[in-house]
Every structure is written in structure tokens, then in C-alpha cells.
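*Asks:* First the structure, then my questions, so here it is.
The values are calculated or read from the model by the stated rules, or taken from the named source; none is laboratory data. None of the values given here were measured: they were computed from a predicted structure. Cβ placement follows ideal geometry from the backbone for every residue including glycine, while neighbour counts extend to all protein chains displayed. Ligands, DNA and RNA are excluded from the accessible area calculation, which covers all protein heavy atoms including side chains. Shrake-Rupley method; radii C 1.70, N 1.55, O 1.52, S 1.80 Å.
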Amino acid sequence: MSTSVVVDHEAMQEPLPRPVAAQSPASMVPLLIEDVTVAYHRRPVLWNIDYQAPSGKLIAIVGPNGSGKTTLIKATLDLVPRAAGQVLIFGEPYSQQRHRVGYVPQRTSVDWDFPVSALDVVAMGMYRKIGWLRRVSRKYREAARQSLDRVGMADFADRQINQLSGGQQQRVFLARALAQNADLYFMDEPFAGVDASTERAIVEVLRSLRESGKTVIVVHHDLQTVDEYFDEVVLLNMRLIAAGPTAEVFTPENLRKTYGGKLALLDQLSEKMAQPRSR
Amino acid sequence: MSASALLADDSLWELFSRAISLRDYNTRVVLAGTTMLGISGGLVGAFLILRKRALAADVVSHAALPGIALAFLLAERFSPGSGRSTGVLLLGAFVTGLLGMAMTLAIRSWTRIKDDAALAVVLGLFFGVGTALFTVVQKTKTGNVAGLRDFVFGKTASLVAADVWLIGGISVAVIVLCGGVFKELSLLCFDEEFAAARGYRTTMLDGLLTLMAVTVTLIGLQSVGLLLVVALLLIPPTAARFWTNDLKIMSILAAVIGGVSCAGGVVLSSSFPRLAAGAVIVLTGSVLFLVSLVFGKERGLFPRWRSQRQFEQRIGRSDLLRACYELLEPILGSDETTPESLTIYEIDALVLSVTRQWPRGRFHGLIATAVRDGLLVLSSKDGYHLTLRGAEEARDAVRRHRLWEIYLLTQTDLDPRLVDRGADGIEHVLDPDQLAELERRLGGESPHGVPPSPHPIGASGT
């Protein structure tokens, strides 16, 4: 049974930009996912994923609920075990490259009633660098403050996190990842349930990261903004449906393959895309 | 027996003053050791609570019971008479305590049984086995259970120096360890997944926390007994949480509350030997908990009630001033509402009262407060004037209110939780550019001008 699906999958999938990969040295490729399969309780949630992320781009992972977007990130960061396949970050396993990878988990994954300030949370991004048995020195507190400033939250540094709005909490999480000063970022639904000003602030941060040559991979749920925010799209629904530059990959046809029956949304979207762009 | 009778009793007073002045070597030792136990219990308990493992301590203490009984039986079998040694009994308690903890973790991660159910199952199982074994112990020749019963109910006052050195030593080790890995433990408790992504071995950190909890629980068994030791770990941090939103302060406070409860319990119970020390320790902690519950600065009931009241008063005050302003606005014309001109006209209280749906008593309360605060002055029967200060504040309140209304009408994608009209202003939520843009759109000519209301005024209130 599984074989047939794999065959089907390969038949559907568009060719990956492998030749390019062969030209650039592996250490230049921010993320290389090879034939990764993940299963929960023996039920596969990701099948034979192959993907190579281009350097210095903003990349959206898009797919319906339960399509394995979050799992793909977690499998990449060794947070869930892979049943098969390997992941290379700049040419090496994640365990060797942790310092180059920043991670923004889903905001709802933690209890925001925890007794710490925004600055404390941001400093957590640097605990590894600070090291065991050491306090968070003034130098690191200053760095945390700067990260908060980058997301427009400098005034809230000493605010307890339970007094922040959802959008502000999301920005604190983003600042914590920025404090890691990584080269590759994974963000899990950073735009989920945030207000307009937070969305603007996050987009600005994403663009400034791209300008400084960082690669950012974002699980994104708002199809309306994909083509505006992202250079590359990964369409995922347990299998890799398509991946590549937004203009080429983010097509109604591919979305139909990804989302299957949920057409109402897609019809809206294709109408929107049929209209001439105004930016 | 009344308190005066107690104090009149010479020997009791003597006992009390001896305890207070630490004249006895034994009291000094017990006091020091037990205080250390309280401090380490509070510290470890803080992390247990934040890790949402509060009940784990309860499982460990109950799971220790079969270990104590088994250790006694085995020791008596191989070397009669050695069954009462504290070290042997604690070792047994440690083994089964840890086993109980491991079993809950295993049930949680391998089955779909939820945390609380897993804890309850393991607690019941081990305590049942322990109780059964205790009846066996009772039937053995040497099985004078009194010594073993101390583990159930505690025996602080009669601890011997050797026990106390063990308790104190382990406590100090736990305190040092907690301090050393403080930031790693806090990261584990706040965001385990992020910790794992950063390369921390979260199972190791979790194991360390569990180990510390088991150790403190076991050394606490002797002092307060297995039924109450859980209180030693959990009451201090829960009480501390009422006072602060800062993890460091909370931990220190939990340690202090734990230490004070233990010290207080020891002193009290050595003065009144009829009171079981364990119970007195826990009761002392409970009193501190109740005080924190009511008066705790951050989350206590009284401060929360007070700030809610202040909030309501602030809202009421700005509502009243806005109502005054909106009565005067049509008379003056929107462009002429300078603070000075607002003070010229008299406001009829009756007209004012119907502009909002204030209950009678509330309206008079608001007026009285406004007069007391110098915002309004009574100028005739049922007629008031705004003072200059009142007029300025009224303009401010109206401006803020209208900016908010416009903003909410035009920016529907705003996170509603950001809107806190009681807070001192829109300026804190919007950046200056957005504010300027909003004012421009409203046609306000000066930066502090009052924009016209986006909707007809007064229709709703009458």
C-alpha cells in the first residue's frame, strides 16, 4: 500500500532543482531534507519529503490543517524522531549546527502565565551561549533589549508576559529567536491570531533578515498574503506537493492538489489572482 | 486550656524561652536542619509547580511507604535489630519513591492516560502495598511500629543530631544545585520544546528536577511525615506566587516562606510538646499562605479588589467629565471648547444625570467624588460648573475616547485585547505616526485638539 502512494507521489511531484544543488557546496545550502518520513503511533504524517531550501529567501510552508507543517519543522529540529531520511543544515546534522538555527514555536505551545518578563524570555534564546552555572550578564541583557527593539517591543522589556496581548507575546517569541543571531530561522505560524501592527512588525523583521542574507522558513496559514510576503513556497499535505519560487509554484492548480476538496477558498483565491496585481 | 493558663504554667514558659533562645544544643541542631529543609523544599516546590508536577511530590511520599516497610523487613531478616536504622529505611523509601515516579512517567509517555490519572493510579497502588506491608511488619516480633510510624506522621522534635546532619546536608546540596541550574530549569518549565531545540537534554533536566524532588520529599518524611511532606514543597511556592510575577523573587520568597514555616514550627512545637511538629510546621506555612492569598501584592484578593475598584472609579470619573463636555459642546460649538470657555456655563445636574444610564446612587457618588477632587464646583441648587482642571481633564478624556472610537471603526483588524480604554491612553498602543495619521484623518487641527464625535451624541442615553 505504501509503495503505491509513493509512486503516485513521485508521479505528481514537480522536479526538484537538484542540478543547482549539485553545483553549490553542501555547506552553502541552509536546509536539505532528504526522503524524510515521520510517523506518530505508526501512522505516517509525512511521507518521503525531499526539499532543498535556497539561501537568503523567505519561504512559506503552506498546507491544510494536519498536513504535517509543524511536524516537518519539528523533525528538522530533532524534536520528533524521523522514521527515515536525513536532514542537513548547512551541510551538517542539526546537532552540529544548533547555533546557526533560530526557532519560533507556536505561541500557544507555552503557558503565558509563567512568572517572567519579556526580557527574561528573550534572554532564554541566549542561554546556550551564556553557558551552565552562569548568570545572564549585563551584556546579554543589553542584547535581549536590542532584540526586543527590533520587533518594536523595547518599551515592554520589563513587562510580565501575562500582561502582554497575543500579538505582543508573538513578538517576544520572535525577539527570542533574533537574540540567537542565527543564519536559518524556523517560525511556526507567527502570524496566527496577531493584530495588524504585529503583522507589519513581523513582516518588517522578515525582510530585514532577508536583507542580511538569512533564510527564513515560515509555517503560514493565510493564503491571501503568501505571494506578498514570501519568495518561495513549499506546498505540503503529508507529501510534498510542490516547492519553488512563489510565482511558479503558488498556482490554483497546485493549491487544489494541496487542499483537495476545500474549494470555496481556492475559488476566491484564483479570482483574486486572476485580477491584475497592484502593489 | 486557655492561653493565659498556658503562659502561667511555669514549665511551659521555661520550655518556650529555651526554644527561643536556642539554649539546647539539640534544639539548635534541629532548628538549623529543619530550616534548611524548608528552604530547599520551597525552592524545589517552586519548579515543581511551574512544571505542573505539583502532585508528583505526593506520589513520591506515598510510594515511599512500601519501601520503608520492605527495607525494615529485609534488614530484620538478614541482620535482626538493624531494621530501625534511618539510613536503611530511607534507602528503601528512596528506591520505591523513585520507582513510583518512574512508573507515572512511563504510564504518561506510553499510554494515553492523562497525567493526573496516572499519578492517582500509582499513588493508590504504592500506598495500598505499603499499608499491607505495614500490617505484616506489625506482626513481626521486633515490629514495634512506633519507629516506622514516625515516617507517616513525622517526629521533628525527637530527631537526633545524626538525622539532622543528613537532612541539613542534603538540603544544602539541593539548594546549591537549584541555584546552579536555575536558568536551565526555568527554561525547561517555561518552554520544554525550545529547550530541546537549543540542545538541552530535557529528559536529563527533568530527571534532575525529579531527583531533587524525591530527595527533599524523603528527608522531609522524617520531619513532617509522608502525609504532610507534600505541603512542605507546595505551600511555600504557591504562597510566594501571590506576591510577585518574577521567577527569581518567587523562588527566593518560596525558600524564605519554607524556611520560616519550618523554623516557626520547630520553635512552637518544642515549646508545646503536645503539638506534633509536622503539623505545626504545615500550619505555620498555611497561615503564611492565607496571608499571601489575601494580601499578596500581585495576585492577592485584596489588592486585586482594590485595583478593580480604582479602575471603576477612573472610568466613572472620565465618563462623568465626558458627559459634561458633551452637554457644553453644542452651546460652545466644537471649535470653541477651550478649557476656559468650558468653565463658563452651568451644568444642570438633572440634565447631566439623564445623559448616561447611571443608577441614582452611582451618579451622586460620581458627582461627590468629582467635587471632592476639584473637578466640579456646586454653583447653585443642582447646578455645577467645571473647574479649569476639570475642563482640561474633560477635553482630554473626550479626545481619547473619540480617537479610540474612530480607530476601532476604521481598524477592524485590531486585536481587541489591545484595547484597554481604562489605561491612560491610545498613545501607549499606537505609535506616534499612527496617532498623527488618525488625527489627520479626523480633521483635528492641532495635535491636542478634540475631534468631533464620529456619531450623534446623546441619542443613546436619553
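*Asks:* Sort out which residues of segment A:78-92 are away from every other protein chain (no Cβ under 12 Å) and without any contact (Cβ under 8 Å) to a residue 12 or more places away in the chain, and write them in order of number.
*Replies:* Within segment A:78-92, no residue meets the criteria.
*Asks:* I would also like to ask the following. Assess whether A:A123 counts as being out of contact with any Cys (no Cβ under 8 Å at 6 or more places or on another chain), away from chain B (no Cβ under 12 Å) and touching a residue at least 24 places away in the same chain (Cβ under 8 Å).
*Replies:* no
*Asks:* From the list B:L90, B:L73, B:L55, which residue is open to solvent by 10 Å² or more (accessible area, probe 1.4 Å), in contact (Cβ under 8 Å) with a residue 12 or more places away in the chain, among the hydrophobic types (A, V, I, L, M, F, W, C) and within 30 Å of A:V116 (Cβ to Cβ)?
*Replies:* None of the others qualify; the one that does is B:L55.
*Asks:* Take the residues in segment A:166-178 that are buried (at least 21 other Cβ atoms within 10 Å of the Cβ) and farther than 18 Å from B:F194 by Cα; name whichever of them is nearest to the other protein chains (Cβ to nearest Cβ).
*Replies:* A:G167
*Asks:* Within segment A:179-202, which residues are under 17 Å from A:V121 (Cβ atoms), away from chain B (no Cβ under 12 Å) and open to solvent by 10 Å² or more (accessible area, probe 1.4 Å)?
*Replies:* Scanning segment A:179-202 gives a single hit, A:N181.
*Asks:* Tell me whether segment B:220-239 contains one or more residues that are among the β-branched types (V, I, T), at the interface with chain A (Cβ under 10 Å from one of its Cβ atoms) and within 25 Å of A:R159 (Cα to Cα).
*Replies:* No, segment B:220-239 contains no residue that is among the β-branched types (V, I, T), at the interface with chain A (Cβ under 10 Å from one of its Cβ atoms) and within 25 Å of A:R159 (Cα to Cα).
*Asks:* OK, next. Would you mention how many residues in segment A:54-82 are under 20 Å from A:V249 (Cβ atoms) and open to solvent by 40 Å² or more (accessible area, probe 1.4 Å)?
*Replies:* 2
*Asks:* Does B:E326 qualify as being among the acidic types (D, E), within 30 Å of A:I161 (Cα to Cα) and either assigned to a helix (DSSP H, G or I) or open to solvent by less than 90 Å² (accessible area, probe 1.4 Å) (or both)?
*Replies:* Spelling it out, it is not the case that B:E326 is among the acidic types (D, E), within 30 Å of A:I161 (Cα to Cα) and either assigned to a helix (DSSP H, G or I) or open to solvent by less than 90 Å² (accessible area, probe 1.4 Å) (or both).
*Asks:* Take the residues of segment A:101-118 that are closer than 22 Å to B:R51 by Cβ and not in a loop (DSSP other than H, G, I, E, B): which is nearest to the other protein chains (Cβ to nearest Cβ)?
*Replies:* So, considering only residues that are closer than 22 Å to B:R51 by Cβ and not in a loop (DSSP other than H, G, I, E, B), the one nearest to the other protein chains (Cβ to nearest Cβ) is A:Y103.
*Asks:* Being crowded, with 16+ Cβ neighbours inside 10 Å, in contact with a helix residue (DSSP H, G or I) (Cβ under 9 Å, 6 or more places away or on another chain) and among the aliphatic types (A, V, I, L, M): is that true of A:L148 here?
*Replies:* Yes, satisfied.
*Asks:* Oh, and also: Considering only residues that are open to solvent by 20 Å² or more (accessible area, probe 1.4 Å) and farther than 30 Å from A:K129 by Cα, which ones fall in segment B:155-203?
*Replies:* B:K155, B:A157, B:S158, B:V160, B:A161, B:A162, B:W165, B:L166, B:G169, B:I170
*Asks:* Is it the case, given these coordinates, that B:D246 is of a type in the set (D, E, K, R), within 11 Å of another protein chain (Cβ to nearest Cβ) and open to solvent by 30 Å² or more (accessible area, probe 1.4 Å)?
*Replies:* In short, yes.
*Asks:* Would you call A:E211 within 11 Å of A:V151 (Cβ to Cβ), surrounded by fewer than 23 Cβ atoms within 10 Å (Cβ to Cβ) and out of contact with any Gly (no Cβ under 8 Å at 6 or more places or on another chain)?
*Replies:* no
*Asks:* Right, next: If you go through segment B:279-294 one residue at a time, do you hit one that is part of a helix (DSSP H, G or I), under 22 Å from B:F190 (Cβ atoms) and not aromatic (F, W, Y)?
*Replies:* So the first thing to find is which residues in segment B:279-294 are part of a helix (DSSP H, G or I), and the list is B:279-294.
Filter once more, keeping what is under 22 Å from B:F190 (Cβ atoms): none.
Scanning segment B:279-294, I find no residue that is part of a helix (DSSP H, G or I), under 22 Å from B:F190 (Cβ atoms) and not aromatic (F, W, Y), so the answer is no.
*Asks:* Checking B:S292 against (1) buried (at least 18 other Cβ atoms within 10 Å of the Cβ); (2) modelled with pLDDT under 85: exactly one of these is not met. Which one?
*Replies:* (2)
*Asks:* Something else: Looking at the structure I just gave you, is B:L275 assigned to a loop (DSSP other than H, G, I, E, B) and without any contact (Cβ under 8 Å) to a residue 40 or more places away in the chain?
*Replies:* yes
*Asks:* Can you pull out every residue in segment B:125-154 that is open to solvent by 30 Å² or more (accessible area, probe 1.4 Å), closer than 22 Å to B:E76 by Cα, in a helix (DSSP H, G or I) and at pLDDT below 85?
*Replies:* B:Q138, B:K139, B:A146, B:R149, B:D150
*Asks:* Can you confirm whether A:R135 is open to solvent by 40 Å² or more (accessible area, probe 1.4 Å) and closer than 18 Å to A:L58 by Cβ?
*Replies:* No, not satisfied.
*Asks:* Against the condition modelled with pLDDT of 95 or more, surrounded by 18 or more Cβ atoms within 10 Å (Cβ to Cβ), out of contact with any His (no Cβ under 6 Å at 6 or more places or on another chain) and under 17 Å from A:D158 (Cβ atoms), how does A:V87 come out, does it pass? Break it down stepwise before answering.
*Replies:* Details: modelled with pLDDT of 95 or more: yes; surrounded by 18 or more Cβ atoms within 10 Å (Cβ to Cβ): yes; out of contact with any His (no Cβ under 6 Å at 6 or more places or on another chain): yes; under 17 Å from A:D158 (Cβ atoms): no.
No, not satisfied.
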